[in-house]
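Remarks on the structure that follows.
Just so it is clear, none of the values below were taken in a lab; they were calculated from the coordinates. Values in this document were obtained by computation on a predicted structure and should not be read as measured data. FYI the Cβ positions are ideal-geometry reconstructions off the backbone, even for glycines, and counts take in every protein chain you see.
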Amino acid sequence: MVHALIAALMASLLAAAALYPDAARTDASTTTIKNWTVPRLAVMPLGDSITYGTGSSTGSGYRGELWKRLTPHTGNLHFVGSQRSGKLSDPAHEGHYGWKIGGLVDNIDKWLIAAKSNAVLVHIGTNDMHDNYRADQAPGRLGELIDKITTAAPNMTVLVSSLVPSTDAGTEKRIEKYNAAVPRVVKKRRGRGFQVGFVDMGKVTTHDLRDVLHPNDSGYSKMAAAFYDGIARSAEDGWIKERVGIKPVPSARHPLATAFGPRH
C-alpha cells in the first residue's frame, strides 16, 4: 500500500514537471545560477500598478531590488519604458495603473520601438481578474500580447510570470485558474522557437500583500527574486542578445475602451 502511494506521488510530480518545465527550473536556478554576465541588459518591466510599485514603501515595487540584483552582472544596465516611478537609479518602466491585458496589446509595439530593450518582464492580468473582465479569455489575450512582442522582435527575451494572489475570494479563484493556464501559453510560444520563459510567483502569499491586490515590501522582494532567476536562467541559456531588432507590427484588434478598468 505504501509503495503504491509513493509510486502514485512520484507519477504526479513527474507529470507536473512535464507540464511546467520552466517553473521547476526556476526553483533550481536560485542556487545554481550565480556567475553570469551579459554586455548589455535593457529590461522593460511591463504590467499594471504592481509593476508601477503601488504598495511598496519606496514606490519602486520589485524593480528596486531587482536593479540591485542585476547590477553585478552587466556593465550596461537600464530599465526602459515611458513611465517613471520609485526610488532607484533607473525608474523607467511600462507599469500602467489600472490597465488590463488589452491595453498592453494595443500599445506594446510603439513602446518596444522607443525603448530598444532586450528583455521584457510581463506581470499582467490582475485587473482582468479583479474586474472579472472576460476572465476565461484572458490567457488568449496574454498569448496575443506575447505574439505581438515576438512578431516585432523575434529575438527578444520575454519572461512571463504568474500573478501574485489576492485576498478577495472571487478574484483569487479567477487568478488561480489564470495562473494554471500561463505556463501552457508560454510553452506554446517556446515550441515555436521564441525565447519566452515562465516565471513562477508562487512564493508570494497573501501575507505578502499590502491590500487586496498589491504586494508589500516582502512580496515585492519575492517578485524581484523570481524575475532575477528568470533573467539569470535566460542569460545562461544564451537568450539575451546585446541588441535586438524591433520592427513595427499592425495595430491590435482591441479598442482602448476595453483596456482599462477601475484604477487598482
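Assorted remarks:
- Residue within the stretch 148-156 that is buried (at least 17 other Cβ atoms within 10 Å of the Cβ), over 28 Å from residue 218 (Cα atoms) and basic (Lys, Arg) present: yes
- Residue tally, condition surrounded by fewer than 23 Cβ atoms within 10 Å (Cβ to Cβ) and farther than 21 Å from residue 41 by Cβ, over the stretch 55-102: 6
- Residues in the stretch 113-140 that are farther than 21 Å from residue 62 by Cβ and in contact (Cβ under 8 Å) with a residue 60 or more places away in the chain: 113, 116, 131, 133.
- Count - residues of the stretch 76-93 that are within 16 Å of the chain's Cα centre (by Cα) and farther than 18 Å from residue 228 by Cα: 1
- Of the numbered criteria (1) over 30 Å from residue 168 (Cα atoms); (2) buried (at least 19 other Cβ atoms within 10 Å of the Cβ); (3) touching a Pro at 6+ places or on another chain (Cβ under 8 Å), the one residue 119 fails is (3).
- Selection of the stretch 151-175 for residues being polar (S, T, N, Q), farther than 24 Å from residue 188 by Cα and in a loop (DSSP other than H, G, I, E, B) yields 166, 167.
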